[in-house]
Every structure is written in C-alpha cells, then in structure tokens.
Amino acid sequence: MNRIDLNCDMGELAEAIADGWQEAIMPSLTSVNIACGGHAGDKQTMEATIEQALHWKLAVGAHPGYPDRANFGRLELDLPAETISNSVFEQVCALAKIATGCGVRVAHVKPHGALYNQAARNRALAEAIARGVARWNRDVVLIGLAGSPMLDVFREAGFAVAAEAFADRRYEADGSLRSRKFDDALILDPAKASRQALSIVQRGTVTTSSGIEVAVDAQTLCIHGDTPGAPRIAAAVAQSLRQAGVTLKALLQN
C-alpha cells in the first residue's frame, strides 16, 4: 500500500481547542472525526474544529457516540436499536448543519468508543448505526474496524466503507482493540506508534503485546486526539510514513 488516510477523533475537549493542543495535531493529518453532541461536543466545539480543519485542508467527518457524556461514550450500553439509530441520526445532522454553514461537506462517519467496539462484533448494532446515517445521507463513507463484520453490514446497507486501524492502540489476537482497562492499551511512545503504523501500511499486520501477528488491512489510520502526547505521536507517524514513500491522503481525494 502506498496511500493511507490519517485521521483523528476531535472536538471532544473544549480545553484542547482553547489551549491549541487540538490544532497542534492537525498538520500531521488528512481527516478529522468530530464529536457531535453524544459522548462530547457542542455547537461551539463543532464550529471551532471545523474552522481549524478548513485551515489545514482536512476532510471532515462525524463522530457519533453513545449519548453518555458522563462516561465519555466509553461504557458499553444496552439500548434499543431504534434509540441508537435516532441518536446517530440526530448527532450527524447536528454536525452536518454546522458544516453546511461553514461551507464544508461531511465526507465520512465513524462511530465512537463503546458504540464502535460493540458494533464491530454486533451486526444488529452496526445495522442501527447504518440506518441512522442513511436517514441523513447515504453518500458518505462509513468507517469501521478493519476485519470486523461491521464493515460487511455497512456495505450491505449500500455505503462505501473504509477499514480502520490504530497507530496508538494495542490489539488482541482476534483483531479487536485491547480494552482501555489495561495499562498497556495505549501506545504512548511516538516511535512505537510509528513502527505499528508502518507495519499496518507496509505489511498489513500488527503485533500484539504477547507477540502474535494479526492481519490488518486498512485504508485509514487513527490517532486519538485525547491520547497523551497526541501531537508528537501524530507528527512521528506522519513523518515515518512519508519517509517510507507512503502518500497521506483523505479517503475521498483522488
């Protein structure tokens, strides 16, 4: 692979916008996934993040999560499918309205946190997400975990899809992400994150903490905006990829 999208989850912390932390990550990216009022985010953070993304010429996507701000959308919930579908629809519409006012198109949708991880293994939940997005617009890319059934569900619903891998997260042997309850779930060393990114892009694999090599075929790589040291990690990953001859481009760029 000689091309990859480098994305980041953003618009989640007002203080990260105010102190420049969030924008410091953007020069390394090609796209952003913006929290749209579920697990985090409000009108002000959405507007500010879109304006920053415009400045850095980044593709803009929606990042809907469980409407559970107290737990930052990272607690697994058991909600009716209709409730999830409606919530996703409302969140994506909220961001799209603001994006339209800024002259920007929402190009992709990526679920957040527990919603993402549960949908990666639960077809009914992935179907609810797809229905929610489809009520708004089918002409977007849906992002899901590489190798997971959620991508098949999204395709069957008529969406273009992009398989995602993570530069700053550890993996389990089944291809799932290591739970954040474990101390080693995050990769905080920029050099290690860069090595994992290169392995994903060049060899299509990641190596778990127990030394097992797992196949990962991805079109987009994520770095979390709230990972400690995210600006340094993103810069190191982007530099390593470019030095290896990999072109960084957003999903819908030619």
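For the reader, a short list of remarks on this structure follows.
- Any hit, region 44-57, residues being surrounded by 14 or more Cβ atoms within 10 Å (Cβ to Cβ) and in contact (Cβ under 8 Å) with a residue 60 or more places away in the chain: no
Per-residue answers, yes or no, for (1) touching a helix residue (DSSP H, G or I) at 6+ places or on another chain (Cβ under 8 Å); (2) open to solvent by 50 Å² or more (accessible area, probe 1.4 Å); (3) modelled with pLDDT under 95:
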position	(1), (2), (3)
74	yes, yes, yes
81	yes, no, no
85	yes, no, no
88	yes, no, no
92	yes, no, no
96	yes, no, no
99	yes, no, no
107	no, no, no
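- Condition check for residue 247: among the β-branched types (Val, Ile, Thr), modelled with pLDDT of 95 or more and under 17 Å from the mean Cα position of the chain (by Cα): no
- Residue match in region 93-104 (condition: farther than 21 Å from residue 137 by Cα and out of contact with any His (no Cβ under 6 Å at 6 or more places or on another chain)): no
- Residues of region 23-40 classified as out of contact with any Cys (no Cβ under 9 Å at 6 or more places or on another chain) and open to solvent by less than 10 Å² (accessible area, probe 1.4 Å), total: 5
- Yes/no for residue 236 being open to solvent by 40 Å² or more (accessible area, probe 1.4 Å), part of a helix (DSSP H, G or I) and aliphatic (A, V, I, L, M): no
- Considering region 28-43, and only residues there that are outside any helix (DSSP H, G or I) and touching a residue at least 60 places away in the same chain (Cβ under 8 Å), the residue that is farthest from residue 96 (Cα to Cα) turns out to be 29.
- Beta carbons closer than 7 Å, at least 6 apart along the sequence or on distinct chains, pair a first residue in region 103-118 that is under 21 Å from residue 71 (Cα atoms) and among the hydrophobic types (A, V, I, L, M, F, W, C) with a second that is open to solvent by 10 Å² or more (accessible area, probe 1.4 Å) and in a loop (DSSP other than H, G, I, E, B) for 114/74; 114/75; 114/76; 114/77.
- Any chance residue 241 is touching a His at 6+ places or on another chain (Cβ under 8 Å), within 23 Å of residue 32 (Cα to Cα), touching a residue at least 12 places away in the same chain (Cβ under 8 Å) and not in a strand (DSSP E or B): no
- Qualifying residue in region 82-96 (condition: in contact (Cβ under 8 Å) with a residue 40 or more places away in the chain, among the hydroxyl-bearing types (Ser, Thr, Tyr) and within 29 Å of residue 15 (Cα to Cα)): yes
- Test result for residue 65, of a type outside the set (Val, Ile, Thr), part of a loop (DSSP other than H, G, I, E, B) and open to solvent by less than 10 Å² (accessible area, probe 1.4 Å): yes
The values are calculated or read from the model by the stated rules, or taken from the named source; none is laboratory data. Keep in mind it's a predicted model, so treat the numbers as computed, not measured. So basically every Cβ, Gly included, is an ideal-geometry build from the backbone, and we count neighbours across all protein chains shown. SASA here: full protein model, heavy atoms, side chains in, ligands and nucleic acids out. Shrake-Rupley method; radii C 1.70, N 1.55, O 1.52, S 1.80 Å.
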